[in-house]
Amino acid sequence: MNPEGKITPLRNHGVYGMSIGLLISNPENSAIVWRGPMVMSALQQLLYQVDWGEKDFLVVDMPPGTGDAQLTLTQRVPLSGAIIVSTPQDIALMDARRGVNMFQKVHVPILGLVENMSFFQCPNCQHKSHIFGTDGVQEAAKEIGVDVIGKVPIEISIRKCSDEGTPVTASEPDSSEVKLRFLPGNCRFSKDCLKTFGTLGRHQNI
């Protein structure tokens, strides 16, 4: 807690973050079983009782679905937009489409789609295997009228760095995977998305 009674977020690699998992004892083995009102209360605590200070952007990582947490966020906070993350398989894209429909109904712009687990490239022969299918996210983005702004492969270095708590962009900044997938010049944002982020400096973006 800071002198004003607010929670001080943790900082790593220049990024500030906070999670309910950081506020409970024994987070590795504790299951959080909450009903809707508790979820909404926790979300409001993370938004308004954490000392975020003056930040350019606040990114909220939400679980899949269209439940209480998502609705509370759209009702209580002026959102600049939503980015939908999905694997290419049909069953995952069903949830992604529901998320898109919910945000559209509450007038939150969809900034783009990110394809997670896009493919696996063998480190020995370099053959690409599309384990979860191909073009699913691309087709969904075309239907919605937005861009696919990123594709994240099944990559050993990404998994390893995630387990170690270090982003691959920091631990292996010169690797070909980072240069290909994560450098700003290789990220594809639509004009509407860039226009939204162009409000930087006029108000805080969430």
- If the Cβ limit is 7 Å and pairs must be 6+ apart or interchain, which residue in segment 39-59 that is over 15 Å from LEU73 (Cβ atoms) pairs with which residue that is β-branched (Val, Ile, Thr) and open to solvent by 40 Å² or more (accessible area, probe 1.4 Å)? ASP51/THR8
- Item | Failed item in (1) surrounded by fewer than 16 Cβ atoms within 10 Å (Cβ to Cβ); (2) modelled with pLDDT of 85 or more; (3) not β-branched (Val, Ile, Thr), with ALA140 passing the rest | (1)
- Neighbours by Cβ (under 9 Å, 6+ apart or cross-chain): first from segment 72-92, free of Cβ contacts under 8 Å to residues at least 60 places away in the same chain and in a helix (DSSP H, G or I); second among the hydroxyl-bearing types (Ser, Thr, Tyr) and open to solvent by less than 20 Å² (accessible area, probe 1.4 Å): ALA92/SER86
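Residues in segment 17-24: is at least one among the aliphatic types (A, V, I, L, M) and in contact with a Gly (Cβ under 7 Å, 6 or more places away or on another chain)?
So the first thing to find is which residues in segment 17-24 are among the aliphatic types (A, V, I, L, M), and the list is 18, 20, 22-24.
Filter once more, so that each one left must be in contact with a Gly (Cβ under 7 Å, 6 or more places away or on another chain): none.
Within segment 17-24, not a single residue is among the aliphatic types (A, V, I, L, M) and in contact with a Gly (Cβ under 7 Å, 6 or more places away or on another chain).
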- Yes/no for ILE149 being at pLDDT below 90, open to solvent by 80 Å² or more (accessible area, probe 1.4 Å) and among the β-branched types (Val, Ile, Thr): no
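Which one is modelled with the highest pLDDT, of the residues in segment 61-84 that are within 25 Å of MET38 (Cβ to Cβ) and of a type in the set (A, V, I, L, M, F, W, C)?
Step one: filter segment 61-84 for residues within 25 Å of MET38 (Cβ to Cβ), giving 61-79, 82.
Filter once more, so that each one left must be of a type in the set (A, V, I, L, M, F, W, C): 62, 69, 71, 73, 77, 79, 82.
On the way: MET62: 87, ALA69: 83, LEU71: 85, LEU73: 88, VAL77: 84, LEU79: 90, ALA82: 94.
Out of the qualifying residues, it is ALA82.
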- Item | Index of the failed condition, PRO37 passing every other in (1) loosely packed, with under 15 Cβ neighbours inside 10 Å; (2) assigned to a helix (DSSP H, G or I); (3) at pLDDT 90 or above | (3)
- Restricting attention to segment 57-71, the residues that are part of a loop (DSSP other than H, G, I, E, B) and open to solvent by 60 Å² or more (accessible area, probe 1.4 Å) number exactly 5
- What number of residues within segment 90-105 are touching a helix residue (DSSP H, G or I) at 6+ places or on another chain (Cβ under 7 Å) and open to solvent by 60 Å² or more (accessible area, probe 1.4 Å)? 2
- Cβ pairs under 7 Å, 6+ apart or interchain, first in segment 1-15 and on the phi > 0 side of the Ramachandran plot, second loosely packed, with under 11 Cβ neighbours inside 10 Å and of a type in the set (Asp, Glu), ordered by first then second residue, are none
- Query: Is segment 105-125 home to any residue that is more than 19 Å from the chain's Cα centre (by Cα), modelled with pLDDT under 90, more than 25 Å from ALA170 (Cβ to Cβ) and not hydroxyl-bearing (Ser, Thr, Tyr)?
  - Reply: yes
- Item | Evaluation of GLY14 against (1) modelled with pLDDT of 85 or more; (2) open to solvent by less than 40 Å² (accessible area, probe 1.4 Å); (3) of a type in the set (Gly, Ala, Ser) (one fails), failing number | (2)
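The values are calculated or read from the model by the stated rules, or taken from the named source; none is laboratory data. Values in this document were obtained by computation on a predicted structure and should not be read as measured data. Here the Cβ is made from the backbone with ideal geometry for all residues, glycine too, and neighbour counts use every protein chain on show. Heads up: the accessible areas ignore ligands, DNA and RNA and are worked out on the full protein's heavy atoms, side chains in. Shrake-Rupley method; radii C 1.70, N 1.55, O 1.52, S 1.80 Å.
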